Amino acid sequence: MPVKLILTAGQEADVTQAGKLIEGVPIEVVIADKGYDSKAVVEAIEAKGAEAVIPSLSNRKEQREYDRERYKDRNLAERFWHKVKQFRRVATRYEKTARNFLAFVHVASTMILLR
């Protein structure tokens, strides 16, 4: 289940919200996809004393090592979004305002948690 959800514009890169996602949350490990591969993000994670399990982009000159076994746990986040998108209002984005859409994502998350 998600710890924190942040809604952004569709054209905004995921990495721009990484700092806000880890802010104020006790973390030991951060598992993320290549979209979060940034020196600043990895340094912020390590500054909190946590391990960054983020694969490097293929065009990065200096490939960073990461725990490949632990990275397999990222599928938990993918499975969560698959479950949330089973709610038609989330999948088709019926809500016109970002506030209402995010509220319904929270409702869908709660419904999944209660199953």
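The values are calculated or read from the model by the stated rules, or taken from the named source; none is laboratory data. What you see is a predicted model; the values in this text were computed from it and never measured. Glycine also receives a Cβ, built like all others from the backbone with ideal geometry; neighbour counts cover every protein chain displayed. Each accessible area value is taken on the protein alone, full model and side chains, heavy atoms only, with ligands, DNA and RNA left out. Shrake-Rupley method; radii C 1.70, N 1.55, O 1.52, S 1.80 Å.
Take the alpha carbon gyration tensor of the range 21-79, find the square roots of its eigenvalues, order them as a ≥ b ≥ c, and report rounded if a/c is under 1.5; if not, report prolate when a/b exceeds b/c, else oblate.
Oblate shape, in that a/c is at least 1.5 and b/c is the bigger or equal ratio.
With every protein chain present, what accessible area does Thr97 have (1.4 Å probe, heavy atoms only), rounded to the nearest 10 Å²?
60 Å²
Among the listed pairs Lys4/Lys83; Lys48/Lys83; Lys34/Lys61, which are separated by more than 19 Å between their Cα atoms?
Cα-Cα > 19 Å for Lys48/Lys83; rest within.
Between the range 65-115 and the range 4-38, what's the alpha-carbon centroid distance in Å?
Each part's Cα centre sits 14 Å from the other's.
Give me the accessible area per residue for the chain, probe 1.4 Å, as a whole number in Å².
Solvent-accessible surface per residue comes out at 72 Å².
Which one, Pro26, Pro55, Ile45, projects farthest toward the positive side of the charge dipole computed for the range 17-62 from Cβ point charges (K/R +1, D/E -1)?
My answer, from the dipole projection, is Pro55.
Subtracting the Cα-Cα distance from 0.36 nm times the residue separation, let me have the gained length for Lys83 to Glu95 in nm, one decimal.
Value of the extension gain: 2.5 nm.
Mind listing the phi-derived Karplus ³J(HN,Hα) values for the range 3-20, rounded to whole Hz, using 6.51, -1.76 and 1.60 with θ = phi - 60°, and x for any glycine or proline?
8, 8, 10, 10, 9, 10, 5, x, 8, 7, 6, 4, 4, 5, 9, 4, x, 5
With every protein chain kept in the model, how would you rank Glu95, Glu23, Glu65 by accessible area, 1.4 Å probe, largest at the top?
Working: Glu95 30, Glu23 120, Glu65 160 Å².
Descending order: Glu65, Glu23, Glu95.
Could you run the Debye sum over the Cα atoms of the chain, one equal point scatterer each and no solvent, and tell me log10 of I(q)/I(0) at q = 0.12, 0.13, 0.17 Å⁻¹, two decimals?
Reported log10 I(q)/I(0), two decimals: -0.50, -0.59, -0.95.
If Lys and Arg each add +1 and Asp and Glu each add -1, what is the summed charge of the other residues whose beta carbon sits under 13 Å from the beta carbon of Ala50?
Values: positive: Lys48, Arg70; negative: Glu23, Glu28, Glu43, Glu46, Glu51, Asp67.
With Lys, Arg at +1 and Asp, Glu at -1, the net is -4.
Counting other Cβ atoms within 10 Å, which trypsin sites (Lys or Arg not before Pro) in the range 5-82 have at most 10 and lie in a DSSP loop? Could the numbers behind the result be given before it?
On the way: sites: Lys20, Lys34, Lys39, Lys48, Arg60, Lys61, Arg64, Arg68, Arg70, Lys72, Arg74, Arg79; in loops: Lys48, Arg60, Lys61, Arg64.
When the trypsin sites (Lys or Arg not before Pro) of the range 5-82 are filtered for loop state and at most 10 Cβ neighbours within 10 Å, Lys61 remain.
Just want to confirm a number: the relative contact order over the chain, from Cα pairs under 8 angstrom separated by 6+ residues, in percent.
22 percent
Please list, in order along the range 87-95, the HN-Hα scalar couplings obtained from phi with the Karplus expression 6.51 cos²θ - 1.76 cosθ + 1.60 (θ = phi - 60°), rounded to whole Hz, x for Gly and Pro.
Once θ is set to phi - 60°, the couplings for the range 87-95 become 7, 4, 5, 7, 5, 9, 6, 5, 5 Hz.
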